[in-house]
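Heads up, the thing below is written out as C-alpha cells.
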Amino acid sequence: MSPAAPPSDPPPPPQGTVEPPPQGTVEPPPQGTVEPPPQGTVEPPPQGTVEPPPQGTVERWAWDYVLATDLAHKLEPPPVPSVWEPDPAPPRRLVRPGRPAELRISARASKSPGPEALRNPARRAQLFHAFMHHELQAAELMAWALLAFPETPRAFRGGLVRIALDEVRHMRLYAAYLAAIGHRFGDFPVRDWFWSRVPAAASPAQFVAVMGMGLEGGNLDHTARFAERFRAIGDDEGAALTERVCAEEIPHVRFGVRWFRRFTQAPGGASPHPPGGASPHPPGGASPHPPGGASPHPPGDFETWIRHIPPPLSPLLMRGEPMNRRDRTRSGLSEPFLDALAAWTERTPGS
C-alpha cells in the first residue's frame, strides 16, 4: 500500500452484488487454494444485488475497478471521470473483488524471507510479488470505501481516488522490478488477507483507523526495514524502490490521521463511540468509557483509535519491528500515540 494525497470525486459502481454494512468479524477465506474467476471485464459479487452507479461517474469507475477481472484494467484503469453520482447515493458494499485469471489465490500466507534468504533472487521476487498484491488490495479497498460510505464529504472520497491511483502506480513500479529479474505478476500464489478483514469496518472512522492509520502506518515500518535489508545484500534498486514507496505512503497515513480526527470529533469535542458502542480492545478489561458514556480522549489519540479497530484485528498487526518513528511522526501521528502503540500487548478482559 502506498500513500497519496486526497483525490477528486469518483464515479458510481456497476451492477453486481453488495453486502449490507458488516459489523464485527469477517470470515476468512476458505482453506486451500481457490482458482481465480475466468478472465473478463467485471465479476459481480456474491450476496444481494444493488444497482450499479450510473455510467460516466466516479462511483462507476470505482465499481468497475473493484470488480475487474482483467489484469490490464487493474494495472491501467481508465481515466477517472469528473462527474459524481448525485447525492444521496446508496451505500454499495462489494463483497469481494474480481480476480484476474493470472492470479492464484491461496488461503495461507507464505513465510516472509529472513535477511539472508533475500540473497536468493527467487525469494526476493516472491517478496516483491507480495508487495505488489498488497498494493492491488489497497487500491481496490480505497475504491470499495468510496462506494460503501457515500455520505462522507466529497473531499474525502476524492482523496480515496487519489490514493487508489497511487497504489496502482506502485503496482506498476513493482511489476517493472519483477520483469527486470525475470518474473511477472502471477508467478506466486497470493492471499487476499486485506479483503478478509478491512470490510469489517462499519463506518468511515473505522475504515481510516484500519487502513490509513493501521495498515498503511505499519507499512511505513515494513518498507523501511526491507529497504535496509535490500541494501545490505547489494540490491540497491530494490532498496530505492522500497524507500520511494515508503516516502509516498506518508501522505496516505496523514490523510487517514486527518480524516480520523474529523470523523471522531463530535459536537462539543467528545469522541463518539464506534458502531456497537463497546471497545473491541478494552485495556486490562476495564470499561473504555467513563460514567455517562462520553470519552475523555481527544479525537485521533491512541485510546480513540483502538476503539475503532474492529475485531479480530489488533494493534499488533499494525506495527512493525523496528518502528519507523521518523516517518510515522511526519504522517501526523503523535509521540504519545507511538509510545502507546510500541508498548501495546494483547490483553484479555479481566486481565
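Numbers below:
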read-out	value
Lone qualifier among LEU136, LEU146, LEU141, LEU118 - being outside any loop (DSSP other than H, G, I, E, B), farther than 30 Å from VAL257 by Cβ and touching a helix residue (DSSP H, G or I) at 6+ places or on another chain (Cβ under 7 Å)	LEU118
Near pairs, Cβ below 6 angstrom, 6+ apart or cross-chain, from the stretch 186-207 (more than 26 Å from PRO153 (Cα to Cα)) to any residue that is among the polar types (S, T, N, Q) and part of a helix (DSSP H, G or I)	PHE188/GLN126
Residues (of a type in the set (Ser, Thr, Tyr) and more than 20 Å from ALA145 (Cα to Cα)) located in the stretch 203-230	THR223
Check on HIS129, out of contact with any helix residue (DSSP H, G or I) (no Cβ under 8 Å at 6 or more places or on another chain), at negative phi and buried (at least 21 other Cβ atoms within 10 Å of the Cβ)	no
Residue in the stretch 60-74 that is outside any loop (DSSP other than H, G, I, E, B), over 30 Å from ALA205 (Cβ atoms) and in contact with a Ser or Thr (Cβ under 8 Å, 6 or more places away or on another chain) present	yes
Selected residue (only one of LEU67, LEU94 is at pLDDT 50 or above, surrounded by 15 or more Cβ atoms within 10 Å (Cβ to Cβ) and touching a Pro at 6+ places or on another chain (Cβ under 6 Å))	LEU94
Filtered residues of the stretch 97-117 (kept if of a type in the set (A, V, I, L, M, F, W, C) and either surrounded by 14 or more Cβ atoms within 10 Å (Cβ to Cβ) or closer than 30 Å to GLU51 by Cα (or both))	ALA101, LEU103, ILE105, ALA107, ALA117
Filter pass, VAL161 being closer than 27 Å to GLU237 by Cα and buried (at least 21 other Cβ atoms within 10 Å of the Cβ)	no
Residue identified as over 16 Å from GLU248 (Cα atoms), touching a strand residue (DSSP E or B) at 6+ places or on another chain (Cβ under 9 Å), touching a residue at least 40 places away in the same chain (Cβ under 8 Å) and buried (at least 20 other Cβ atoms within 10 Å of the Cβ) among LEU141, LEU136, LEU147	LEU147
Single residue of the stretch 70-84 satisfying the filter (within 19 Å of ALA155 (Cα to Cα) and not hydrophobic (A, V, I, L, M, F, W, C)) that is surrounded by the most Cβ atoms within 10 Å (Cβ to Cβ)	PRO81
Residues of the stretch 149-180 satisfying the condition of being assigned to a loop (DSSP other than H, G, I, E, B) and under 17 Å from ALA240 (Cβ atoms)	none
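The values are calculated or read from the model by the stated rules, or taken from the named source; none is laboratory data. All figures in this text were calculated on a predicted structure; none of them were measured in a lab. Glycine also receives a Cβ, built like all others from the backbone with ideal geometry; neighbour counts cover every protein chain displayed.
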